[in-house]
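The values are calculated or read from the model by the stated rules, or taken from the named source; none is laboratory data. Since this is a predicted model, take the numbers as computed values, not measurements. Cβ placement follows ideal geometry from the backbone for every residue including glycine, while neighbour counts extend to all protein chains displayed. Just so you know, the surface numbers come from the protein's heavy atoms only, side chains and all, with ligands and any DNA or RNA stripped out. Shrake-Rupley method; radii C 1.70, N 1.55, O 1.52, S 1.80 Å.
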Amino acid sequence: MSKMWGGRFEGGLDPYFEEFNRSTDFDCELAHFDLLVNAAWAAALGHAGVLEADEVERICAALETLREQWSEEGLLISDTTEDIHSFIEQQLTELVGDLARKLHTGRSRNDQVATDLRLYLFERVAMIMNEARDLIASLLEVAEQHSATPLPGYTHLQRAQPITVGHHALAYVEMFGRDLSRFTDLWERADYCPLGSAALAGTAFPIDRDALAESLEFTQGATRNSLDAVSDRDHVCEALFCCSMVMIHLSRLAEDYIFFASHEARFLEFSDLVATGSSLMPQKKNPDAMELIRGKTGRVAGSLQAILMTLKGLPLAYNKDLQEDKEGLFDGLQQTESCLIVAATAVRSTTWHEERCREACEHGYLNATDLADFCVRNGMPFRDAHEAVGAAVRRALELGVELHDMSDEELTSLFPALDLAVMRDALAVEGVLARRDVLGGTAPSRVAEECARWRAEVESWKV
Ligand code: ARG
């Protein structure tokens, strides 16, 4: 078929290179947005006096016909077109004949694809943000239900101090909340329309670029420098960074849940919705959903690296290297969205073994800090208290018991001046949790307060 740029050439393309050069297999994702951009450009050419009103109408009607046709039959692309832009021009030619040859006046595929890509990005980012909100809602449900359920907290993967299941869930709510704000931030910075920048120098026709930007619903207006506009892919990098950050958070959530589901921990059990069995070992229930999420994190972060390296040292303005911006972006957005959906299902359907969680808090000296704090409240300098409790833990380890299970004699010999009954009381899990009654702390009352704050936020998303 004829190329968009055939005039200067005598010979044909090497068939292997022709295939290598084609982007239609993946940039067909932009088809819908390319129709919108074509229609907006036709209208802008009409306003600029380049096209007659009836020509604009015929082009827009034909674009609408294509849209309807594709939504009914799906997009069928002949495998000879170079990219989605050539394909659409070819389809348009079939519908309106030579008139289609006027549409590319004053523009380039460079500003066209840059515009398509931003519109695509906004649609996909909106979808990801919705799924991130749903995941936040699912975590919040866990937090509300378990605002007071004790859970061993870890540092260095060693039992450290008790927290609540709710506090753990809200930690992830905070992370995904930040992710949402990162997407909002990127959106604002990217919400400028490159169309009218043409190949690199700006269009030579009297296009009202602000009106054009508005017609495509860019809220910040038109881009301010044509060279930058056609070669800027900051928003691709930013989107992949935002996605990578979501994935990093998801991978940490996945890892926590995988560990919590292990026989060693047994704090929770995945539902059958998101676990699979082994083809060999009949007893297995494997956390495949969470493992796949953890695994896909590398893939999305890899796409971020790829686009950064593509842009490194790239001279102004457009270069064909930029065609490489798409596959990683499309994949990164898709994987992130899918992972958010699967994670929300996993979180919602998980059963927490409350008794087991509570019981685990009573093993592994998670109340040692509270014993030291108790000594401090009874007048001992913290360093001395730390030392004394350290010795107590050593003795307890020798005896194979917990601090709260040591005999009165042992405790009295270790802490001669202290009231044992009050001390034992201070070591109970409920007290340990309740004392973390500080803003951001794990005390059930504070967790409940944070739940209420997030609940208001989640409800505000529904209206
Ligand atoms: N398929 C190209 C891309 O995705 C469209 C722009 C082509 N422009 C050009 N001057 N070859 O980047």
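Computed values, structure above
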| read-out | value |
| --- | --- |
| Members of segment 210-221 found to be touching a helix residue (DSSP H, G or I) at 6+ places or on another chain (Cβ under 9 Å) and surrounded by fewer than 22 Cβ atoms within 10 Å (Cβ to Cβ), listed by number | A211, S215, L216, E217, T219, Q220, G221 |
| Test result for S338, more than 16 Å from the ligand (Cβ to nearest atom), farther than 30 Å from L30 by Cβ and polar (S, T, N, Q) | no |
| When residues of segment 285-319 are limited to those that are open to solvent by 50 Å² or more (accessible area, probe 1.4 Å) and touching a residue at least 60 places away in the same chain (Cβ under 8 Å), the one farthest from the ligand (Cβ to nearest atom) | L308 |
| Some residue of segment 145-153 being open to solvent by less than 20 Å² (accessible area, probe 1.4 Å), assigned to a helix (DSSP H, G or I) and either within 16 Å of the ligand (Cβ to nearest atom) or touching a helix residue (DSSP H, G or I) at 6+ places or on another chain (Cβ under 7 Å) (or both) | no |
| So G49, is it more than 16 Å from the ligand (Cβ to nearest atom), in a loop (DSSP other than H, G, I, E, B) and at pLDDT 95 or above | yes |
| Selection within segment 376-426 - within 19 Å of G364 (Cβ to Cβ), part of a helix (DSSP H, G or I) and of a type in the set (D, E, K, R) | R394, R395, E398, D405, E410, R424 |
| Single residue of segment 106-128 satisfying the filter (away from the ligand (no atom under 16 Å from the Cβ) and surrounded by fewer than 21 Cβ atoms within 10 Å (Cβ to Cβ)) that is nearest to S181 (Cα to Cα) | A126 |
| Candidate set from segment 243-273 (those that are of a type in the set (G, A, S), open to solvent by 10 Å² or more (accessible area, probe 1.4 Å) and assigned to a loop (DSSP other than H, G, I, E, B)); member that is nearest to D116 (Cα to Cα) | S271 |
| L240 being within 27 Å of N130 (Cβ to Cβ) and buried (at least 18 other Cβ atoms within 10 Å of the Cβ) | yes |
| Residue in segment 73-91 that is at pLDDT 95 or above, away from the ligand (no atom under 16 Å from the Cβ) and buried (at least 16 other Cβ atoms within 10 Å of the Cβ) present | yes |
